[in-house]
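This report concerns only the one structure given below.
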């Protein structure tokens, strides 16, 4: 479990006619993350806040949101500012509310996002990236937005590196997602970074969504593959592997977790998960190693934290499973994301 000392304010900035799912989807993910932390005896990690230029606004579906707090004068705690999208009919309308939000963003986030040690993030969901562009926060960064708005984003900020066909893009303290449900994927990615992959997988399972922790991940996360079953003992063993993949697991230790014999555990895994326990263990360790490499770890360190006995064992498993070399993950990682993760620890 990843532990960091500060509670994070997740500050949703709500303009009139905001897409309701852009708000509710990520907010539910962060709420569930706190719930799962509490079940593990841990304090909450996220504090949800909702602010706007006016106290009451209609949303995209007509439901009115009331009681929004004013746009804060300063960011007193580590803050992730979430810019949510609007339906296309409203995206091009520069209303007084949009002007007020853009001015606030520029005043409160422009300098903090440039600082190397910033505790703050900007999350732009769907057309929220266009609002970030109007506030002068994108500069030359890598970013994305809904596929119908990519050209509009390029026109607003030609110097930015607008990426097509990505669920989301993370460039240091700036994160942007493609469309409405992609905001949930982005929230799960950040929850995994802050609270650990096992907890994020639990949140994704609660929300009945695929877990994408990386802009380069396949649609089905290794942490959710082989888990479409209802067998409690197999789930218990899988949870133990995900939580502590680095442990010196063997069949005897895994069988003890499942409270069954080794032979029975093998039969249960093959029947319900479709793979052997040791095959599942290796897939989780490979994913842990890949993530460590993308965060700047050496091959030796990645092998150690993932539970491989040596970097040679990691290289051999990597070649059998994916082909190529572990260094492929390092080359695939964007430099902005690696640098930000190194600063944040």
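The values are calculated or read from the model by the stated rules, or taken from the named source; none is laboratory data. Owing to the predicted nature of the structure, the values given are computational and were not obtained by experimental measurement. Here Cβ is always computed from backbone atoms with ideal geometry, including for glycine, and neighbour counts include all displayed protein chains.
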Can you find a residue that is touching a helix residue (DSSP H, G or I) at 6+ places or on another chain (Cβ under 7 Å), modelled with pLDDT under 95 and loosely packed, with under 15 Cβ neighbours inside 10 Å anywhere in segment 98-112? no
Just checking, how many residues over segment 134-159 are out of contact with any strand residue (DSSP E or B) (no Cβ under 8 Å at 6 or more places or on another chain) and assigned to a helix (DSSP H, G or I)? 8
Go through the residues of segment 92-100 one by one and say whether even a single one is touching a strand residue (DSSP E or B) at 6+ places or on another chain (Cβ under 8 Å) and closer than 30 Å to residue 194 by Cα. no
Do the conditions hold for residue 124, that is, is it at pLDDT 95 or above, assigned to a strand (DSSP E or B) and surrounded by 13 or more Cβ atoms within 10 Å (Cβ to Cβ)? yes
Per-region count, segment 74-95, residues assigned to a loop (DSSP other than H, G, I, E, B) and under 27 Å from the mean Cα position of the chain (by Cα): 9
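Working carefully through the options 48, 35, find the one that is out of contact with any strand residue (DSSP E or B) (no Cβ under 9 Å at 6 or more places or on another chain), within 16 Å of residue 194 (Cα to Cα) and either modelled with pLDDT of 95 or more or crowded, with 17+ Cβ neighbours inside 10 Å (or both). Break it down into steps so the answer makes sense when it comes.
Numbers: 48 fails: out of contact with any strand residue (DSSP E or B) (no Cβ under 9 Å at 6 or more places or on another chain).
One residue alone meets the criteria, 35.
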